[in-house]
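The values are calculated or read from the model by the stated rules, or taken from the named source; none is laboratory data. Since we're looking at a predicted model, the values are computed, not measured. Cβ placement follows ideal geometry from the backbone for every residue including glycine, while neighbour counts extend to all protein chains displayed.
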Amino acid sequence: MELRQIEYFAEVVKHSSFTKASEYLNVSQPAISKAIRKLEAELNVMLFKRTSKGLALTDAGKIVLKNTSFILDSFSNIKLELEDTINLKNGELNIGIPPIIGTTYFTEYISKYLTLYPEVNLNLFEIGTNSIKAELEEGNLDIGLICSQIHSENNLVIKKIMKDPLRLVVHSDHPLAAKNIVSINELKDEPFIMLRKDFSLHTKIIEYCSFYNFQPKIVLESSQKEFMLEMVNSKLGISILPEKTCNNINQLAITTLPLTTSNLNLELGIAWKKTEYMPYALRAFISLFN
């Protein structure tokens with residue numbers, strides 16, 4: 001059974017005439033007759049009978065007609081919904097962002113996307129980079145902002161978008177606050193306030209400290225930048241955070257300093273799962289970073 005056969009059948013019923021249906025559809029009458037005969041053969045019934053008053057439906061024809069509207073309306077709805085999806089008038093994206101940096105780096109893109117496609121629903125999940133990768137692999141997220149490990153993996157495509165130097169964060173009364181620049185090696189006896197272990201920046205800082213032959217003395221771990229800064233403000237330790245996240249902290253008694261290690265940066269990228277099909281909403285989001 002073909003949709004064209006159903007469409008021809010509906011128009012013949014509507015006009016009570018093969019000739020008038022042919023004129024309306026701008027299709028030859030033999031073509032319409034052939035389609036109807038083929039439909040009757042497939043259903044193994046007669047759909048029309050001729051009476052003294054003209055063309056009429058058989059009992060079987062009435063059953064087919066009863067379902068014809070549903071079939072045609074459903075197909076019309078499919079076309080409309082597909083058109084809306086392609087034109088991004090509906091749909092949704094599940095996006096993973098690390099809590100401490102997501103709003104700092106991603107707000108601009110979220111705002112731009114919603115301005116361009118206000119009908120698309122964005123669901124934001126604040127989790128660390130390692131968790132974002134796992135959720136992408138499982139198909140629970142469509143795209144995520146990740147840090148530090150910016151290289152494509154077996155099942156993920158990762159696109160580098162920027163990097164931000166890391167800075168030392170200390171209380172303004174700390175002896176190091178008077179310096180212009182600080183070496184990682186100078187921090188070996190300092191209490192560290194760190195991001196949680198599920199953040200890739202945690203791993204990155206551990207690795208750099210190990211390169212300088214010491215393990216940081218971690219006194220506190222958190223996923224919240226504001227809480228970490230408050231702890232530094234309370235003189236409970238020092239921290240290392242991306243430069244951009246250290247902006248607008250003038251209200252605290254905190255000083256940020258550059259580190260001598262020039263390659264100690266927060267690398268940022270967007271990641272999505274390798275698939276044969278990419279939703280239109282996701283394609284549009286990725287295009288913002290081109």
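Residue by residue, here is whether (1) in the same structural domain as I143 (by TED's automatic domain parsing); (2) surrounded by fewer than 16 Cβ atoms within 10 Å (Cβ to Cβ); (3) in contact with a strand residue (DSSP E or B) (Cβ under 9 Å, 6 or more places away or on another chain) holds:
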{"site": "I205", "(1), (2), (3)": "no, no, yes"}
{"site": "I218", "(1), (2), (3)": "no, yes, yes"}
{"site": "C246", "(1), (2), (3)": "no, no, yes"}
{"site": "T275", "(1), (2), (3)": "yes, yes, no"}
Selection from the stretch 67-108 of residues touching a helix residue (DSSP H, G or I) at 6+ places or on another chain (Cβ under 8 Å) and among the aromatic types (F, W, Y) yields F75, Y105
Specify the residue that is farthest from the chain's Cα centre (by Cα); the eligible residues are those in the stretch 248-287 that are among the small types (G, A, S) and farther than 17 Å from I158 by Cα.
-> A253
Residue by residue through the stretch 109-144, note down the ones that are within 12 Å of L282 (Cα to Cα) and in contact with a Ser or Thr (Cβ under 9 Å, 6 or more places away or on another chain).
-> G144
Answer yes if at least one residue in the stretch 175-183 is touching a Phe, Trp or Tyr at 6+ places or on another chain (Cβ under 9 Å) and farther than 20 Å from I286 by Cα, and no otherwise.
-> yes
State which residue is modelled with the highest pLDDT when the search covers only the stretch 72-101 and only residues that are among the small types (G, A, S) and part of a helix (DSSP H, G or I).
-> S74
Filter the stretch 181-219 for residues that are touching a residue at least 60 places away in the same chain (Cβ under 8 Å) and of a type in the set (G, A, S) and give the result.
-> S183, S200
Pick from S33, S69, S22: which is in a helix (DSSP H, G or I) and under 46 Å from the mean Cα position of the chain (by Cα)?
-> S69
Of the residues that make up the stretch 31-40, is at least one over 30 Å from S287 (Cβ atoms), touching a residue at least 40 places away in the same chain (Cβ under 8 Å) and not charged (D, E, K, R)?
-> no
If you take just the strands (runs of 3 or more DSSP E) that sit entirely in the stretch 183-269, which of them hold at least 2 residues that are within 28 Å of I132 (Cβ to Cβ) and of a type outside the set (V, I, T)?
-> 191-195, 217-222, 239-242
When every residue in the stretch 195-231 that is under 20 Å from I97 (Cα atoms) and of a type in the set (D, E) is compared, the one nearest to the chain's Cα centre (by Cα) is D198
Residue match in the stretch 163-174 (condition: assigned to a loop (DSSP other than H, G, I, E, B), of a type outside the set (G, A, S), at pLDDT 90 or above and loosely packed, with under 14 Cβ neighbours inside 10 Å) = yes
Do we find a residue being of a type in the set (A, V, I, L, M, F, W, C) and modelled with pLDDT under 90 anywhere in the stretch 251-264?
-> yes
Among the candidates T104, T115, residue that is among the β-branched types (V, I, T), at pLDDT 90 or above, part of a helix (DSSP H, G or I) and on the phi < 0 side of the Ramachandran plot = T115
Looking for whichever is in contact with a Lys or Arg (Cβ under 6 Å, 6 or more places away or on another chain) and not assigned by TED's automatic domain parsing to the domain that holds T245 here; the options are I78, I110, I100. Which one fits?
-> I100
